[in-house]
Number of protein chains: 4
Amino acid sequence: MIFASDNWAGVHQAISERLAQEAGGFSVAYGDSQLDKAIEQRFNQLFEKEVAVFFVATGTAANALALASVNRPGGVVFCHREAHMIEDECGAPEFFTHGARLVPVDGLLGRIDPVALESEINRFPADFIHAGQPMAISITQSTEIGTVYQPDQILEISAIAKRQGLPLHMDGARFANALVALDLSPAQMTWKLGVDIISFGATKNGCWCAEALVFTNPDMAGDLPYIRKRAAQLFSKTRFIASQFDAYLNDDLWLELAAHANLMAQRLADGIQQSSQAHLAWKPETNEVFCVIKQSLSSDLREQGAVFHEWNLPHTCLAEISEDEVLIRLVTSFASETRQIDRFIELLK
Amino acid sequence: MIFASDNWAGVHQAISERLAQEAGGFSVAYGDSQLDKAIEQRFNQLFEKEVAVFFVATGTAANALALASVNRPGGVVFCHREAHMIEDECGAPEFFTHGARLVPVDGLLGRIDPVALESEINRFPADFIHAGQPMAISITQSTEIGTVYQPDQILEISAIAKRQGLPLHMDGARFANALVALDLSPAQMTWKLGVDIISFGATKNGCWCAEALVFTNPDMAGDLPYIRKRAAQLFSKTRFIASQFDAYLNDDLWLELAAHANLMAQRLADGIQQSSQAHLAWKPETNEVFCVIKQSLSSDLREQGAVFHEWNLPHTCLAEISEDEVLIRLVTSFASETRQIDRFIELLK
Amino acid sequence: MIFASDNWAGVHQAISERLAQEAGGFSVAYGDSQLDKAIEQRFNQLFEKEVAVFFVATGTAANALALASVNRPGGVVFCHREAHMIEDECGAPEFFTHGARLVPVDGLLGRIDPVALESEINRFPADFIHAGQPMAISITQSTEIGTVYQPDQILEISAIAKRQGLPLHMDGARFANALVALDLSPAQMTWKLGVDIISFGATKNGCWCAEALVFTNPDMAGDLPYIRKRAAQLFSKTRFIASQFDAYLNDDLWLELAAHANLMAQRLADGIQQSSQAHLAWKPETNEVFCVIKQSLSSDLREQGAVFHEWNLPHTCLAEISEDEVLIRLVTSFASETRQIDRFIELLK
Amino acid sequence: MIFASDNWAGVHQAISERLAQEAGGFSVAYGDSQLDKAIEQRFNQLFEKEVAVFFVATGTAANALALASVNRPGGVVFCHREAHMIEDECGAPEFFTHGARLVPVDGLLGRIDPVALESEINRFPADFIHAGQPMAISITQSTEIGTVYQPDQILEISAIAKRQGLPLHMDGARFANALVALDLSPAQMTWKLGVDIISFGATKNGCWCAEALVFTNPDMAGDLPYIRKRAAQLFSKTRFIASQFDAYLNDDLWLELAAHANLMAQRLADGIQQSSQAHLAWKPETNEVFCVIKQSLSSDLREQGAVFHEWNLPHTCLAEISEDEVLIRLVTSFASETRQIDRFIELLK
């Protein structure tokens, strides 16, 4: 009953086998192999347009290099108050941008509120150099708390981005989970809604280590080869990432894996809704379920072998928690098994 | 006949299998799994003392974070004029140190000359703030051109480091090749000679992506967990690195692989010495062979399927090259095959 | 009727004359002249202990280098939500610390609330590397809105700093105004209350360009000479700063100038309190007066020649403003004249 | 007999008086005063075209911000091996560019050799990301050793810059001295020869602290307001710099002062040429004289009150020095007096 995080899972068998298959032989290093080029082409198909794509080591790297690519002196980035980049990356975005500032924006259920966003941006008037200058907006899809932006919500934010002349980044550490939840294509969830740069995560959804930074407008990525190399993110044996992506994208495996994770979360949520001992903090939309239980039950569950994190109540959610209760986060993944879900639900009865 | 670089090889079968074996199940993320801890312990045994060890994505990351860990404002690092960190890392050391300067030091055959080293360091007198302040010395073992520092040569440099109060770093992208060539233990080649920090590379010697940053004095590494995380170098599924190291270090596989690579280089060198069409630029000591051939022969070899790089004549070597000749670099690896070597030698006849 | 800022004033005559007197002759450059040394000694007397003092160009430089001197990777600085360093320095603190994060802390009337402070610090638990690590606390004395921390309030914050192992910085852009308001000595307002580093500003209080960074524990400043030089903040003709400080500190001129500015502010405040057209937003304690007036009156005052800024209502103040009102900031200085104050008050009647 | 450096002098009386005259009254802060704007206009006239001009605190700041304005990831700057920015700025250029590398280029008598320059640039082939990417060329006029580039020599370098697509920066810490020596106008010595950015120094030539960063193409300076502010180089009371420049540029005072300094150097050089105890290391062209004397004479001169620095023999000069000799540097300034020169020459007899 491992619900700590989707990155506690290992790697899907098809991906593991594809990687093993690549073990022999020789290949050009540093991203110039045929396989690398073929996978880059695959991203063009995936996004239904020519994109620039860069493999990097971690989701944090993808986010940080995305911001580095649009960096400005005294730059200010707007993201949700609970965004991974502001809460969990140890200052990597600031480091890779040489000191850009991340400004937290409020918004219910993990989504940036457009009014709050514009209000924050307006605190940095053009040419008032003392405050710095806006340089990017970043949204997380799916969000840190398992919700998704609906297409029109993304559109509303990208309209602000356009009006303010700012690029729009999407932290897609759980891109596939959102895609499946919304039943959209990558193009429909990104550039067709005005998203410029995507951190396209695959690690959490069945790979060992496969993250791609995608620019929907390749012209924006002119300096990225240098930015990535200088950031120590250019692998020599890039085949080991390319081959993971190969299996990941093949036959829509990635969507299948995300669909499974989401389904498992739904099964969890259904069980919780029927339990008198727990209630959902909010409706889960992808593969993360947040629910409120008694502190004592939390301890019991752990003794029974369940692994999960207690969570701080987000600033911007409507759930209420009494003194003897805790909010817990349950994350499912491609590797979650029905019987583990059911066993957990059993414990809630 | 692939001699372009040892990072053109894939991954050794035992390592590939060990990785595949780790695919299932769940495990704590971000370096806290049992396997991670066990492999860290293994490094203690390997170095015969308690060390601090950090897995990172690339050799460039290992070098850059090593320097970041001993960073000083206005800092100056002394390395060989042809060191990887100064020639091939796109400014990563400067970036991760927020602008430290790498000062190239001369020295024959890829090895820092101790007299030149001390002379360069003395250009930065204590308290003369205008020039900056020395912060580290870095040597490469084996060197960029396939030679090795003998133990007494390392000792001579570490004596200077001690006298000047500077930490000594070893870029060990090809650590195993040097170890085997010198028939020393890791302890004998490092801290017993005064080396403080090691970039312990395994990627070039049979792994997909496995680099470790080793501090022989763990007290020096207090901030490294933050430095690594902020550098976007902390993998979530660190098992995929730990398991590679597991197989790599098991039953001395790593030494066996390096010994094979070195042997293949020796076989190449022997063939070259017997050829009238080529001559060794200098005696190879590990897995890199540099030889001088006619430009026309270089083209012929390529047409016959040989893959290798032409190389700039190092500033500090004694070889001579005429107008119609080129210096070529031939790198062998764990995956090099005798018959490919022999076929190449055949072409030289 | 210039109340825009205290940095709109020029320079006090005694300081100007002292500077002119220094014009002739020759002197050692880069901070090593006898005058520099003598003024450094003067700071020892001023603070009643041996301090390390560094002249820099701007208050922003003083603040940024203060933080750079205690920098840590993934570092987090806690300051008031309206602090100058977070609102008005265009990311300089982040830049000079290579990406440290400034976390805004709430607190009424410009002063950090100790409970809010500790609560924010506790969001960064020891060894939870994902969030980064606390590195300093900064308070502003007098505050951005003209109030002061009472000694026991500073003590309360320094107790937190000690408990958390963090250095305490004081942004003293208006150090003298606070000192005079509280009738304390520099020692009493700083290290005796646990303050470690002070941005000692003199520019706003009668100098052209004279800012000093003071370390009450000189051991903390070991690398500062390099940090300052690398930051392009070491003047060659440092005499021009030293001589300003000479006149500034002589015969307590600085306290006299600050007392005048504070008195002028008090006169303004008294006038406002007697006006039916304006009311104080809060009680001014130094040389900044904030009051609420009708928007139409604001325009009228400007037409009559008054110069001042309208101000955003601080997040953490209790004043209320109706739709047709504005908050305005009136700053007095050493150069403010009674008749200008009185003329302004006359316009309020 | 102060020949240590031109920054050991104080400030010219006319400049001092102009500054004092500015002491009273009030003025807009942060560079927006009428005087600031007027002086900016003056630079347009001076350069005979619209330029963008930014006052900063030090020559190091001017150089570092010049490079920051053309910064690229993995960027490489080419400057003379003895340039101030590479020898005497404690890593400020690297810091302000977040880690760009300065590559030293050889060249006789302080001037970059065009052949060596192109050869160094060619070590960074387009799209070979491992080495980094060229981003600027910087020349020093007059050079660190008192020589000047002739117009055709600058043209030769700017032709390379254009061919390589690189901006050309001129470190003009002693801009006026070069201008007078060559009898050129600012336009003739800069943009008409292809120079893009100038560090226009006035401190060494009679000001307290007055450095300007000049962009001959204002479009290149779009982000500079933010870069300068973030670098803590935007003074609040900018009048104190503007007024210095006012007096400095008025009635060609600056050229007069530089002419005096150069003349004094010539007088020194003439005396040395007639002395049997000293010989010129090379022909001085501006206000720095380098000569070779016996070590014992150096000590004697100092005992007699002469102040000067012994100097390392530049890598790229043709002078020869025997064991018991030293190279000394004698710098004259606007404040040098004929009788001091003559007294020094007397001592050489």
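Beyond a 27 Å Cα-Cα separation, which of these cross-linked pairs lie in this structure: B:Lys37/B:Lys204; A:Lys349/B:Lys37; B:Lys237/C:Lys162; A:Lys37/B:Lys349; D:Lys49/D:Lys204?
A:Lys349/B:Lys37; B:Lys237/C:Lys162; A:Lys37/B:Lys349
Aspartates and glutamates within cross-link reach of A:Lys294: Cα-Cα under 15 Å, excluding same-chain residues under 8 positions apart?
Cross-link targets: A:Glu303, A:Glu310, A:Glu320, A:Glu323, A:Asp324, A:Glu325.
After finding the eigenvalues of the alpha carbon gyration tensor for the protein assembly as shown, what semi-axes result from the square roots of 5 times each, listed largest first in whole Å?
In descending order the semi-axes read 52, 46, 26 Å.
If you bin every alpha carbon distance in region A:162-202 into 5 Å steps from zero, what whole percent lands in each bin?
Final binned percentages: 6, 23, 30, 24, 8, 7, 0.
How are the Cα pair distances of region C:111-181 distributed, in percent, across 5 Å bins from 0?
In whole percents, the pair-distance histogram is 3, 16, 25, 22, 15, 10, 5, 2, 1.
Kirkwood Rh, Cα Rg: Rg to Rh for region C:170-286?
My calculation of the ratio gives 1.06.
How big is Rg to Rh over region C:302-343, alpha-carbon atoms, Rh as the Kirkwood inverse-mean-distance radius?
Computed over Cα atoms, the ratio is 1.04.
Suppose R0 equals 45 Å; then what is the FRET efficiency for B:Leu263 and A:Glu256 from their Cβ-Cβ distance, rounded to the nearest 0.05?
Taking R0 as 45 Å, the efficiency between B:Leu263 and A:Glu256 is 0.45.
Could you derive backbone 3J(HN,Hα) for region A:232-240 from the dihedral phi with the Karplus parameters 6.51, -1.76 and 1.60 (θ = phi - 60°), listing whole Hz in sequence and x where the residue is Gly or Pro?
Running phi through 6.51 cos²θ - 1.76 cosθ + 1.60 with θ = phi - 60° gives 6, 10, 9, 5, 6, 8, 4, 3, 6 Hz.
Work out which GluC sites (Glu not before Pro) in chain C are exposed loop sites (DSSP not H, G, I, E or B, at most 16 other Cβ within 10 Å) and give the longest gap free of them.
Of all site-free stretches, the longest is C:51-319.
Find the all-direction average of the projected area of the Cα convex hull for region B:1-87, expressing the result in square nanometres with one decimal place.
Result: 9.3 nm².
Convert each backbone phi in region B:149-159 into a coupling constant with the Karplus relation 6.51 cos²θ - 1.76 cosθ + 1.60 (shift: θ = phi - 60°), then list the ³J(HN,Hα) values in order as whole Hz, x for Gly and Pro.
Computed from phi, the couplings for region B:149-159 are 7, 6, x, 5, 6, 5, 4, 4, 6, 5, 5 Hz.
Give the separation of the Cα centroids, region C:226-247 to region B:282-349, in Å.
That distance is 57 Å.
Quick one: Kirkwood hydrodynamic radius for region A:53-183, alpha-carbon pairs, angstrom, one decimal?
14.8
Can you tell me the equivalent ellipsoid semi-axes for region A:56-103? Use √(5λ) from the Cα gyration tensor, largest first, whole Å.
15, 13, 8
With label points built 7 Å along Cα→Cβ from the Cα atoms of B:Arg339 and C:Ser276, find their separation and express it in nm.
With each label placed 7 Å out from Cα toward Cβ, I get 10.8 nm.
Averaged over C:74-86, how many beta carbons belonging to a partner chain fall within 10 Å of each residue's beta carbon?
So the per-residue partner count for this stretch is 2.
Find, among the residues of chain C, the one whose Cβ sits nearest the axis of the rotation taking C to B; state the distance in whole Å.
C:His98, 2
Averaged over every viewing direction, what's the projected area of the C-alpha convex hull for region C:211-349? Give it in nm², one decimal, please.
12.1
Can you list, shortest first in nanometers, how far B:Lys37 lies from the same residue in the other copies, with each label 7 Å from Cα toward Cβ?
Counterpart label points of B:Lys37 in the remaining copies fall at 4.8, 5.9, 6.9 nm.
At what distance in nm do the modelled label points of B:Ala126 and D:Asp106 sit from each other, each positioned 7 Å from its Cα along Cα→Cβ?
Those two pseudo-labels are separated by 3.5 nm.
Under 12 Å from the 7 Å Cα→Cβ point of B:Gln164, by amide nitrogen: which residues of region B:70-84?
Those under the cut-off are B:76-80.
How many Cβ atoms of partner chains, on average, are near each residue of C:22-32 if near means within 10 Å of its Cβ?
The mean count of partner-chain Cβ atoms within 10 Å per residue comes to 6.
Tell me, what ³J(HN,Hα) does each residue in region C:203-219 have, in order and in whole Hz, if you take phi through Karplus 6.51 cos²θ - 1.76 cosθ + 1.60 with θ = phi - 60° and put x for Gly and Pro?
Residue by residue, region C:203-219 yields 4, 5, 10, x, 9, 6, 6, 8, 10, 10, 9, 10, 9, 6, 10, x, 4 Hz.
Which distances, shortest first and in nm, link B:Ser322 to the matching position in the other copies, using label points set 7 Å out along Cα to C-beta?
4.5, 9.6, 10.0
Once every DSSP H run of n ≥ 4 in chain B is given -39500 (n - 2.57) and the sum is divided by its residues, what mean residue ellipticity at 222 nm do you get, rounded to the nearest 500 deg cm²/dmol?
-11000 deg cm²/dmol
What are the extents of the Cα atoms of chain D along their three principal axes, listed from largest to smallest and rounded to whole Å?
Principal axes ranked by extent give 58, 56, 32 Å for the Cα atoms.
Counting alpha carbon pairs within less than 8 Å and at least 6 residues apart, what relative contact order, in whole percent, applies to region D:281-349?
Normalised by residue count, the contact order of region D:281-349 is 41 percent.
Would you mind giving the mean number of other chain beta-carbons within 10 Å of the Cβ of each residue in D:205-216, as a whole number?
2
Using Cα pairs closer than 8 Å and at least 6 residues apart in sequence, work out the relative contact order for region A:82-229, in percent.
Relative contact order, region A:82-229: 16 percent.
Let me check against my output: what whole-number percent is the relative contact order of chain A, with C-alpha pairs under 8 Å and at least 6 apart?
For chain A, the relative contact order is 24 percent.
Using 7 Å Cα-to-Cβ label points, what is the C:Asp183/D:Glu118 separation (nm, one decimal)?
Going from the C:Asp183 label point to the D:Glu118 one covers 7.8 nm.
Any idea what the D:Arg343 label distances to the other copies are, label 7 Å down the Cα→Cβ vector, nm, shortest first?
5.3, 8.5, 9.5
Bear in mind these aren't lab numbers, they're just calculated from the coordinates by the rules spelled out. Everything quoted here is computed from the prediction, not taken from an experiment. Counting neighbours? That spans all protein chains shown, and the Cβs are built from the backbone with ideal geometry, glycine included.
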